[in-house]
Each structure stands twice: as C-alpha cells, then as structure tokens.
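*Asks:* I'd like to ask you about the structure that follows.
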Amino acid sequence: MFETQLAQVVLAQPAPKRYLVALSGGVDSIALLHGLVRILPAQANVVALHGNHQISSESSTWAAHCAAQCQSLAVDFVCEELVLAPQGNLEAAAREARYAFFARHMQARDLLLLGHHAQDQLETLFLRLFQGRGLISMRQQGALGEGQFLRPLLNCSRSELVAYAQSIDASWIEDPSNADIRFDRNFLRHQIIPKFIPMLQKRWPGVTQAILRVAANAQAQNTLLQNLIEPFADEVPLNQLPSDRASRLLWLRTYLALRGHHEISDRGLSEWLRQAECAEQSELVLGEVNFLRSWRGSLYYVKRQQQTAFSGTLLALGERVSGGFGSLELAPCDSALSDAFVYSGPVEIVCRNNLENLSLSRSFGSASLKMLFQQGNIPPWCREEYPLIMQSGELLAVPGIASRDKGQDTSAHAHSSVWCRGILRN
C-alpha cells in the first residue's frame, strides 16, 4: 500500500535526471529511500544526501548507518559535515545549513525527495500559527538550487511509515534530541498534539484531516497570490497596491518573499509602509546588498551590485560601454528628441561619483544636474552611477533626459549634421 501511494506521487512527476533523497536515518527518510528504490526502474539514478549537523556525539554513527543502508541498496551516498551559525535559534540554523547543503548538490533536472509526513505537516501548521505566521503549510513541491524538491509523504502517517519499514526489515535511527522539549517542534510533538488532538478527535473524528484541508486551501490561496504578484517588476507605483493597509502589508510580504526575503518583521515592514505613504522617501534594508525603497509614489526593489562605474571612457558613434548603471550605446537618432546632440567625434562618458567639479553649459539654462535628474525621474540612489556625456570638460547630454544642443538654435545645421543620443540599458 505504501509503495503504491509513493508511486502515485513520484511517478506522476516528469522523469528527472537524478532522484536525490534527503536521508537523515530516521524512519521517514529510510522508508522513503527503500520505497523509492523498489518503485523505480533499475536504471534510475538515485543519490542519498546526508548532512551531518555535528550536534550529537552519535553523529558519526548515524552517518555510518546511512552509508550502510545505501550500500545495501546500491545507492550513491553523499555525506557532508555541516557548519551551523554559532548564535541564534539552533533549529533554524540546522535547517538553513541542511537546505544549503541540498541546494549545493542539486543539478538541473534533479528531483530532491524529502521525507516529511502528515504529522510533520500538522506540527508545522501549529508552529506557524503560534508564531503568528498563519496557516501556511509546507509546500509539497517547488524549486531548490538548480532543481526541484518534492514531499511525497505528506498524506502518510508516521505509523504507516513505521509499519512499512518493519515489514521490509529496514533499520532506522531514533535521535534522542527529538525528545528534547526545549525545541519548539518537540514541545508540540510531545506535549501539545498527543494531549489535545485525541481530545478533539473524540468530538470531531475528522479534525486532523480538516485542519490539513484548511492548510491546503490556505496554501492554494498563497500560491494564487504569488502568481498574481510575480509579474510585478522591481519598480511598482504604490497606487497599484491594494487600498487597505492589511492587504498592502500582505502584498509587500509576498512581493519580497518572491525575491527570497522571508525573515522580515511585521514592525519593520509596517514602518516602511508608513514612511512610504507620508514621507518623500523610505528605505528597508534587506540583508547586506538589497533594499526596498520608495520615491515619488513608487516602490523600488534595489539590488546593489559591485560594478565598475563609468569613468572617462571615450565612446564613438555605434559603440557601447558598460558601467555601474548598465550599458550605454551611442546611436543615431531624430534631432527632435530631448537628449539628442550633434555628433562631432568621440565623447567622454563619466558619472557624478567620479567628478569633483562639473560645469554645465549655459545652454541648460538655470537647471542644475539635480534638477535634470528630477526632470528625468531618476531616483536619488541611482544618480551617482548614472552616465553623463561630456565634451571639452562640459556636460553635453544626460541620456534620456536633456542635451546641451537642444538649448541652442539648431536650425542652421538641423539637416546637415549627424544627430545621436545615448541609449541606456540597465
């Protein structure tokens, strides 16, 4: 029965290049590995991944046990000693290190199978509910590293896995730390669920499945929300967000989660939104290099990249140069464009952060460079690396915004001169 259920889920997926199994040595992953080998054709490529957290004194014994299981099944075995973050939540650090290990070993078209079962799902639901994170369950499948992951046992109970492992004489490891109720999940597993779920089942016999159905619906709603938000780019007008505050916060949280930012506090996100709604600018730091910013009624997801700034490169017509803001190409254009200028030879490409003094031609009128950037709707944090086109020590043009020649009388050479502009691509 177990193998039939497993086959229905696993074999419904497109055939991967490799089947990877997250093998802890516990009954869930052992049952998964043995069942998988039995349902797959002989030529299938199966690899077991074991991350040694080095927390227990028995860690090396568990790794050896997993290696022996794989040898008996003729399955390739990969074991790696994981380095955990020295501070913070030990459970979270172990999980982060484990999934990073899985991702490192995943190649394109690989499928990683995880042994989470129905009880794990129930524990996750309660854990997230008590943490105020909502009734979002573990996903059954998704992307990880260069491949995909699948949890094929979410509809199986732990008792079914134990019965199956016993029926095929498979041995597994019981980690004593699973009984340590200092860990939140273990506290739920041993102190909460065994006491309250049976009590609820006496009144509502199908309560466990009902909870899981509610979680599945919540997961489907979350997936739908992600699908609706995913097309939004890194710049979004704030008036395109929902009108009420609670929905705006949910939209923002989903928007950032799609970009890999999951650990953002409600307080931090609420404060950013408050400033975005009433101040000229707001900023939320996301890790070390990314930011969520607002300016002039739009939000910006900003990815800071280490790139070489434009720094005095000579550029001729038809050529292209790359710098901190993207790439700039000098191309022929219509003289009517606001940033068009008469081409009289190669020009110099610089940016403001490597200029001590900048002389603006009188042809720009009273406009300062700051005013030109504002006119072009260039956010303040982009201006230092924005390319400027110089000639003879004076500003000739700001790509996409204005040029010196547009402030002069160009009628005398409008038809005889070659006009060009800088085309900027991020």
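*Asks:* Starting from the Cα of Lys17, draw a straight line to each of the aspartates and glutamates and keep only those under 20 Å, dropping any in the same chain fewer than 8 residues away.
*Replies:* By straight Cα distance, Lys17 reaches Asp76, Asp110, Glu146.
*Asks:* Right, here's the next one. Under the classification rounded if a/c is under 1.5, otherwise prolate if a/b is larger than b/c and oblate if not, where does the range 2-187 fall, given a ≥ b ≥ c as square roots of the Cα gyration tensor eigenvalues?
*Replies:* rounded
*Asks:* Between rounded, prolate and oblate, where does the range 230-303 land on the alpha carbon gyration tensor, with a ≥ b ≥ c its root eigenvalues, rounded for a/c under 1.5, else prolate if a/b exceeds b/c?
*Replies:* In terms of gyration-tensor shape, rounded.
*Asks:* Taking the Cα centre of each part, how many Å lie between the range 60-133 and the range 220-248?
*Replies:* Spelled out, the Cα-based centre of one part sits 32 Å from the other.
*Asks:* Ok, one more. Which order do Trp204, Trp381 fall in if you start with the one that has the fewest other Cβ atoms within 10 Å?
*Replies:* Exposure proxy ranking, most exposed first: Trp204, Trp381.
*Asks:* While we're looking at this one, here's another question. Provide the percentage of antiparallel DSSP beta bridges, counting only those with both residues in the range 1-108; round to the nearest 5. Provide the component values of the computation, followed by the final result.
*Replies:* Numbers: 0 of 10 bridges.
For the range 1-108, the DSSP antiparallel bridge percentage is about 0.
*Asks:* May I pose another question? Provide the three semi-axes, in whole Å and in decreasing order, of the ellipsoid equivalent to the range 194-256 as defined by the square roots of 5 times the Cα gyration tensor eigenvalues.
*Replies:* 37, 12, 8
*Asks:* Under a straight-distance cross-link criterion of Cα-Cα below 25 Å, which lysines are reachable from Lys303, leaving out those fewer than 8 residues away in the same chain?
*Replies:* Lys370
*Asks:* Check Asp76: other-chain or 5+ apart residues with amide H under 5 Å from its amide H, H built from backbone geometry?
*Replies:* Amide H to amide H, under 5 Å and 5 or more residues apart or across chains, Asp76 pairs with Val46, Ala48.
*Asks:* Further question on the same structure: Check cross-link reach from Lys195 to the aspartates and glutamates: straight Cα distance under 15 Å, and skip same-chain residues fewer than eight apart.
*Replies:* Glu123
*Asks:* Among Phe2, Phe310, Phe130, what is the fewest-to-most ranking by other Cβ atoms within 10 Å?
*Replies:* With the fewest neighbours first, Phe2, Phe310, Phe130 line up as Phe130, Phe2, Phe310.
*Asks:* Show me 60-73, 108-121 ranked by packing, highest mean number of other Cβ atoms within 10 Å first.
*Replies:* 108-121, 60-73
*Asks:* Based on alpha-carbon atoms only, what is the radius of gyration of the range 173-221 relative to the globular estimate 2.2 N^0.38 Å? It would help to have the intermediate numbers written out before the result.
*Replies:* Working: Rg = 13.8 Å, N = 49, 2.2 N^0.38 = 9.7 Å.
Against the empirical 2.2 N^0.38 Å value, I get 1.43 for the range 173-221.
*Asks:* Still on this structure: Relative to the longest principal axis of the chain, what angle (0 to 90°, nearest 10) does the C-alpha long axis of helix 27-39 take?
*Replies:* 90
*Asks:* What is the angle, in °, between the Cα long axis of helix 245-257 and the longest principal axis of the Cα atoms in the chain? Nearest 10 is fine, range 0 to 90.
*Replies:* 80
*Asks:* While we're on this one: Taking the Cα centre of the range 1-135 as origin, work out the dipole magnitude from +1 charges on Lys and Arg Cβ and -1 charges on Asp and Glu Cβ, in debye rounded to 20.
*Replies:* Charge dipole, the range 1-135, about its Cα centre: 380 debye, nearest 20.
*Asks:* Okay, next question. Per DSSP H run of at least 4 residues, take -39500 (n - 2.57); add these up for the chain, divide by its residues and hand me the 222 nm value, nearest 500 deg cm²/dmol.
*Replies:* -10500 deg cm²/dmol
*Asks:* On to the next question. Just to be sure I follow: if Rg is taken over the C-alpha atoms of the chain and Rh is the Kirkwood radius over the same atoms, what is Rg/Rh?
*Replies:* Details: Rg = 29.7 Å, Rh = 26.4 Å.
With Rg and the Kirkwood Rh in hand, the quotient comes to 1.12.
*Asks:* With the cut-off at 1.5 for a/c, could you classify the range 141-267 from its C-alpha gyration tensor as rounded, prolate or oblate?
*Replies:* The shape class here is prolate.
*Asks:* Count the DSSP beta bridges whose two residues both fall in the chain, then state the antiparallel fraction as a percent rounded to the nearest 5. Could you put the intermediate results ahead of the total?
*Replies:* Working: 44 of 63 bridges.
Among the beta bridges of the chain, antiparallel pairing accounts for roughly 70 percent.
*Asks:* Counting only C-alpha contacts under 8 Å and six or more residues apart, can you give the relative contact order of the chain as a whole percent? Can you show the working numbers first?
*Replies:* On the way: 636 pairs, mean separation 44.0, N = 426.
That works out to 10 percent.
*Asks:* Moving to a separate point now. At most 11 other C-beta atoms within 10 Å and a DSSP loop state: those are the exposed GluC sites (Glu not before Pro) I care about. Give me the longest piece of the chain that has none.
*Replies:* The answer is 1-173.
*Asks:* Order by neighbour count: Met106, Met1, Met371, Met138, fewest other Cβ atoms within 10 Å first, most last.
*Replies:* Going from sparsest to densest Cβ surroundings: Met1, Met371, Met138, Met106.
Bear in mind that the values in this text are calculations on the coordinates, not laboratory data. Just so it is clear, the structure is predicted and the values come from calculations on it, not from any experiment. Note that each Cβ is placed from the backbone with ideal geometry, even for glycine, and that neighbours are counted across all protein chains shown.
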